[in-house]
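A quick write-up on the structure given underneath.
The values are calculated or read from the model by the stated rules, or taken from the named source; none is laboratory data. Every value quoted in this text rests on a predicted model; they were computed, and no experiment measured them. Cβ: placed from backbone, ideal geometry, glycine included. Neighbour counts: every protein chain shown.
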Amino acid sequence: MKNLVGIILLILIFCQGNLCAQQYDEAPSYAEDYAFVTQDGAWCWFSDPRAVYVENKIIGGFVDKQGSIWAFSYDPVNQQKKQYKLKDQLDYDDHANPSVMILPDKRIMIFFSAHGGTTNSPIYYATTEKPVDISSWSKLDSIVPKMPGNLGVCYTNAAMLSGENNRTYLFFRGRNFKPTFIASDDLKNWSAPVTIVVNDSIYGESGRPYMKMTTNHKDKIFFAFTDAHPRDRATNSIYFMMYKDGKLCKANGDVVSESMEHAVMPSQVDKVYDATKTFDKAWIWDIAFDKDENPVLVYARFSDRDNSHSYWYARWTGSEWENHLITKAGQWFQRSNYVKEKPEYECNYSGGVYLDHENPSIVYTSRPINNVFEIERWIFVGGKEKWKTETITSESSRDNVRPFVVRNHKGGQPDVLWMYNYEYPGFRAYNSAIRINQKAKGFSSELNKEAISQVANAVFDWQMKDYKVNRNSCNQGWVSGVLYNGLFDWADCSNNKGYIDFLNKIFSGFSWQVGNRMYHGDDLCVGQAYLDMYAKFKKENMLVPTKARVDWVMANPPAENIDVTKGHSDRWWWCDALYMAPPVYARLYTLTGNKKYMKFAHKEFLATYDHLYDKEEHLFYRDARYLDTKDENGTKVFWSRGNGWVIAGLVEVLKNLPEEDKKYRPFYLQLYREMCEKLIELQGEDGYWRSSLLNKETFPMPETSGTGLFTYALAYGVNQGHLPKDKYMPAVEKGWNALVKAVNTEGKIGWVQMVADKPGKVEKKSVRGYSVGSLLMTAAELYEFLEKK
């Protein structure tokens, strides 16, 4: 019976460990995990296709935040990206994005225009000189459609029909704000423009129908359009027609016009959705067709009652139109200074809904989840269930909008692109990237200067961007103290004036003052970076406040009690303090030459050492509460980050003790080596140290704060010759690889245990300044190692 109980307990422990491992392996797919197609690009949804697969490469286009028009190629095999600027600063407006057409010989043709424009504003187009190669293009040509109206042309959509000897129809919004086309048989000479849709006569000439189209590339073109802009028509409905055998028809084949040369009115064609019955106006998003060439549409509806959006799926069954709700879609996605008295002007800008043209039973949406727009995949299955849903992005830091499914994709290929918004107050004020549903390869962890610089610069840049929106990320507390050490080390190592200026601005804003608590080591930690800046620039205001605090503490030493379980203590009663405070004293010793600083620090350090150091395990307890504590497995509790503080603190002290010092240095070097010997035994094969050093199973997820501090300390030892390279460098390399792996495409390092005092659960999305700092300290050590090498 006892054996059976033991076996059951082992199974439960094993299952718990595997469940935790599975949980962190299946961490959410944040948008930031996905690869960039470009880090500066945007688009609207009325110029299509925006991207097409050609010979397993994605070819497409976008407009950047300078208003320049770009072609791009993306190879999903190696995530290699190429870009070509077609026109510089045409129009800072996301409606100016280009559309793509693939020629029979696989050369690429791109069309685009400005959004606003004037009476004479052109449509531009260019063709690559070689198939599937965007590196060289023909001269940029232009078409100036001569037609009534004084408005600009925009929204290019091209269709080449093999059944008409490769005649190309180029659709766009004309100068009269109506859907218009021109045609060419040689892609050089273009016909006069023809308006294809006009308003029903009762509305006069003022409306502007919005149209989407697609083609089978043989003999059909499918159209979906509205009465007007939803802002202008309370009963804005959705309509369908198709071009077939030279005529315009309804879905059932009934002819509504003998030629595209004769414009049609909405009342003549299929009304797919009738807003007069619901008073929920609509806007078309996409049109495709199934294997039987039956049309499928997706569109958004808007309720004037509460400005709520919803996405709808419409399909022609062969005999009738069906409309199915996909999902509620929140409201507009712009992040602007909205106030109730002055509502959002573009209140119909949904996150987006788009069809997979290779399988139009699949739809991609963008809708707000926990106040962030996320991308989802919806599969139409019919029946009572109707839809199955899959998450593409979740728990993202920023909005993900306007998904587009790459045309001609094959099974298994990444196929969805979307805008990732850093800022989007409006279509003429965006700062966006374009991502793809392929996990990014991430930064290289190779030990060379270029690779180290790339990841370190990205992490530093992320911190500067985060500071703009979260000023409290840089304060006078201990979290920022560790952060500042890393920021300074990398700024100094990389000789980056912008980085140094960033630190100087922050520190000057605090008047170089440390935290408010007079005795508390945590509030002294920021002084380390202040003193490093003083050592570099020799400005007294960088030194005086920290020195004054330390001098006061030494003149008014804290009471003797160091055991926090026996009452209040102002001494270094917790192991973290050995990073926060002693390095400040060691720096003052070096900078002033006054031995009193090191004498005081050493006395206090020894007290903490005697109190918390386990001489059998060569590790520190976090504080007295854990001296006799065991975890559920009967294992001593040694906290990863707590020991990280100690070992990194030892490094900071050793850096500031002269090599010839015989009084203090031997003790710190011996303790450092003892701990390093133990730590390499505890490193996981994946390079991470878990938050509980002796029990990896309880919290098996990666943890980067302890890992960063340990890797930094080991790298320093190898760098200075304190540790044998052949024994310790493999651990350094594994640790660095683990840290780099945790950095996402934005430069944000994740898998950080939040503020704590013991081992605990870690989430992928968590970030704190101490992991940023420890990674940058490690990067600087490795860079110095390579310089010596």
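Listed conditions (1) under 17 Å from M260 (Cα atoms); (2) within 41 Å of the chain's Cα centre (by Cα); (3) of a type in the set (A, V, I, L, M, F, W, C) are all met by V132, apart from (1).
Quick one: count up the residues across region 747-756 that are buried (at least 22 other Cβ atoms within 10 Å of the Cβ) and out of contact with any strand residue (DSSP E or B) (no Cβ under 8 Å at 6 or more places or on another chain).
Step one: list which residues in region 747-756 are buried (at least 22 other Cβ atoms within 10 Å of the Cβ), which gives 747-749, 751-753.
Among the residues that remain, those that are also out of contact with any strand residue (DSSP E or B) (no Cβ under 8 Å at 6 or more places or on another chain) are: 747-748, 751-753.
Looking only at that region, the number is 5.
Residues in region 446-461 that are in a helix (DSSP H, G or I), over 16 Å from the mean Cα position of the chain (by Cα) and of a type in the set (D, E): E450 only.
Can you find, within region 380-402, the residue that is farthest from E322 (Cα to Cα) among those that are in contact with a Ser or Thr (Cβ under 6 Å, 6 or more places away or on another chain) and not polar (S, T, N, Q)? Only one residue tops the list, namely V401. Only residues that are of a type in the set (G, A, S) and crowded, with 23+ Cβ neighbours inside 10 Å were counted in region 269-287, giving 1. Applying the set (1) over 21 Å from G486 (Cβ atoms); (2) crowded, with 17+ Cβ neighbours inside 10 Å; (3) free of Cβ contacts under 8 Å to residues at least 60 places away in the same chain; (4) hydrophobic (A, V, I, L, M, F, W, C) to A548 leaves exactly one unmet item: (2). Would you be able to say whether some residue in region 194-209 is buried (at least 16 other Cβ atoms within 10 Å of the Cβ) and of a type in the set (F, W, Y)? No: zero hits. The residues on offer are L578, L591, L619, and the sole one that is of a type in the set (A, V, I, L, M, F, W, C) and more than 22 Å from D523 (Cβ to Cβ) is L619. The strands (runs of 3 or more DSSP E) found entirely in region 331-445 that carry 2 or more residues being within 20 Å of the chain's Cα centre (by Cα) are 362-369, 372-382, 386-391, 399-405, 416-423, 431-439. If the condition is being part of a helix (DSSP H, G or I) and either among the acidic types (D, E) or touching a His at 6+ places or on another chain (Cβ under 7 Å) (or both), then region 573-623 contributes E604, D610.
Quick grid of which residues meet (1) modelled with pLDDT of 95 or more; (2) surrounded by 19 or more Cβ atoms within 10 Å (Cβ to Cβ); (3) more than 24 Å from the chain's Cα centre (by Cα):
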position	(1), (2), (3)
I59	yes, yes, no
F62	yes, yes, no
A71	yes, yes, no
Y74	yes, yes, no
Q80	yes, no, no
D88	yes, no, yes
V100	yes, yes, yes
F112	yes, yes, yes
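Just one of the numbered conditions (1) among the charged types (D, E, K, R); (2) at pLDDT below 95; (3) surrounded by fewer than 16 Cβ atoms within 10 Å (Cβ to Cβ) is not true of K130: (2). Of everything listed in (1) modelled with pLDDT of 95 or more; (2) crowded, with 19+ Cβ neighbours inside 10 Å, the single unmet condition for M729 is (2).
The condition (being in contact with a Ser or Thr (Cβ under 8 Å, 6 or more places away or on another chain) and at pLDDT 95 or above) is satisfied by just one residue among Y273, Y313: Y273. Would you check if S774 is small (G, A, S), closer than 26 Å to W478 by Cα and modelled with pLDDT of 95 or more? It is true that S774 is small (G, A, S), closer than 26 Å to W478 by Cα and modelled with pLDDT of 95 or more. Filter region 259-275 down to residues that are among the acidic types (D, E) and touching a residue at least 40 places away in the same chain (Cβ under 8 Å) and give me whichever is farthest from A300 (Cα to Cα). Among residues in region 259-275 that are among the acidic types (D, E) and touching a residue at least 40 places away in the same chain (Cβ under 8 Å), the one farthest from A300 (Cα to Cα) is E261.
Table: residues versus (1) in contact (Cβ under 8 Å) with a residue 12 or more places away in the chain; (2) in contact with an Asp or Glu (Cβ under 9 Å, 6 or more places away or on another chain).
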| position | (1), (2) |
| --- | --- |
| G642 | yes, yes |
| E652 | yes, no |
| K655 | yes, no |
| Q670 | no, no |
| K678 | yes, yes |
| G687 | yes, yes |
| K725 | no, no |
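Among the residues of region 294-326, those identified as among the hydroxyl-bearing types (S, T, Y) and closer than 20 Å to N236 by Cβ are Y299, S303, S308, S310, Y311, Y313. Considering region 607-658, the residues that are among the basic types (K, R) and surrounded by fewer than 18 Cβ atoms within 10 Å (Cβ to Cβ) include one that is nearest to G760 (Cα to Cα), namely K630.
Yes/no per residue for (1) surrounded by 20 or more Cβ atoms within 10 Å (Cβ to Cβ); (2) among the acidic types (D, E); (3) within 21 Å of E652 (Cβ to Cβ); (4) at pLDDT below 95:
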{"site": "Y499", "(1), (2), (3), (4)": "yes, no, yes, no"}
{"site": "F502", "(1), (2), (3), (4)": "no, no, no, no"}
{"site": "S511", "(1), (2), (3), (4)": "no, no, no, no"}
{"site": "R517", "(1), (2), (3), (4)": "no, no, yes, no"}
{"site": "L524", "(1), (2), (3), (4)": "yes, no, yes, no"}
{"site": "Q528", "(1), (2), (3), (4)": "yes, no, yes, no"}
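Just checking, does region 715-731 include any residue being over 21 Å from the mean Cα position of the chain (by Cα) and under 20 Å from N457 (Cβ atoms)? Among the residues of region 715-731, at least one is over 21 Å from the mean Cα position of the chain (by Cα) and under 20 Å from N457 (Cβ atoms), which makes the answer yes. Could you list all residues from region 218-268 that are surrounded by fewer than 16 Cβ atoms within 10 Å (Cβ to Cβ) and either of a type in the set (S, T, N, Q) or on the phi > 0 side of the Ramachandran plot (or both)? Once the filter is applied, which keeps residues that are surrounded by fewer than 16 Cβ atoms within 10 Å (Cβ to Cβ) and either of a type in the set (S, T, N, Q) or on the phi > 0 side of the Ramachandran plot (or both), region 218-268 yields D245, G246, N252, G253, S259, S267.
Filtered by the rule that a residue be at pLDDT 95 or above and hydrophobic (A, V, I, L, M, F, W, C), region 208-239 gives M211, M213, I221, F222, F223, A224, F225, A228, I238.
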